[in-house]
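Asks: Quick one: this structure, given as C-alpha cells, is what I'll be asking you about.
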Amino acid sequence: MASMSRARLQLALAVALVLPVGGCVAAAAAAGAGAGIYLTSQGAESLVKSSVADVASRAHAVMKAEGIVEDASSSEAGGDKRELKGKKGDLDITIKMAREDAATSRVEVTARKNLAEWDKEYAQQLLSRIVQQS
C-alpha cells in the first residue's frame, strides 16, 4: 500500500511540473513569433513592436472583423495612450494601448461579462489577432 501511495505522489509531482510549462508554451505559440501574450486578472496583455497608432489601426480592424460595435474611444498624451471600447453580445470589450518606447506599445484587452466575470479566453483571442497583424 505504501508503494501505491508513493507512485501516486510521483505521478502528481510529475504532472505538476509539466503543466505550467505546457501552458506557457501554448500562450507563447498563440501570440505568434517573437511576441508573448500574458493573462492578467481580467484579460490579456502583450508588448507589440509597433507604434500606438499602428496598433490602434489593427485593433479597429479586429473589432470590425469580430462584429464588436465600437461605442467609445479616447486618446491622451498626444496619442501615446489610446483606449477603444465596444460591445459584442453580453461582453464589454476594452482595448488599451500605451507607448512603452519609440518602437514598442503595451496592449491590454479585456472582455467583461458582468461586474465580477471576465472572458479571458476571448480577450486573449482578440489580442492574438491584433499581435499577428504586425
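Asks: Leu115 versus Val69, label points 7 Å from Cα toward the beta carbon: distance in nm?
Replies: 2.4 nm
Asks: State, as an integer percentage, the relative contact order of the stretch 32-132 based on alpha-carbon contacts under 8 Å between residues 6 or more apart. Walk me through the intermediate numbers first.
Replies: Working: 206 pairs, mean separation 33.3, N = 101.
It comes to 33 percent, rounded to a whole number.
Asks: Let me ask something else. If packing is taken as the mean number of other Cβ atoms within 10 Å per residue, what is the order of 80-91, 65-76, 50-61, 120-131, highest first? Don't skip to the answer; put the middle values down first.
Replies: Numbers: 80-91: 16.2, 65-76: 12.6, 50-61: 19.4, 120-131: 21.5.
Sorting 80-91, 65-76, 50-61, 120-131 by mean packing, highest first, produces 120-131, 50-61, 80-91, 65-76.
Asks: Another one. If we count every other residue with Cβ under 12 angstrom of Asp101's Cβ, Lys/Arg +1 and Asp/Glu -1, where does the sum land?
Replies: Numbers: positive: Lys49, Arg99, Arg106; negative: Asp80, Glu100.
Charge balance near Asp101 sits at +1.
Asks: Here is a further query. How long is the gain from Asp80 to Ser41 if the chain were fully straight, where each residue apart is worth 0.36 nm and the alpha carbon distance is subtracted?
Replies: 11.6 nm
Values in this text are rule-based calculations from the coordinates and carry no lab data. All figures in this text were calculated on a predicted structure; none of them were measured in a lab. Cβ: placed from backbone, ideal geometry, glycine included. Neighbour counts: every protein chain shown.
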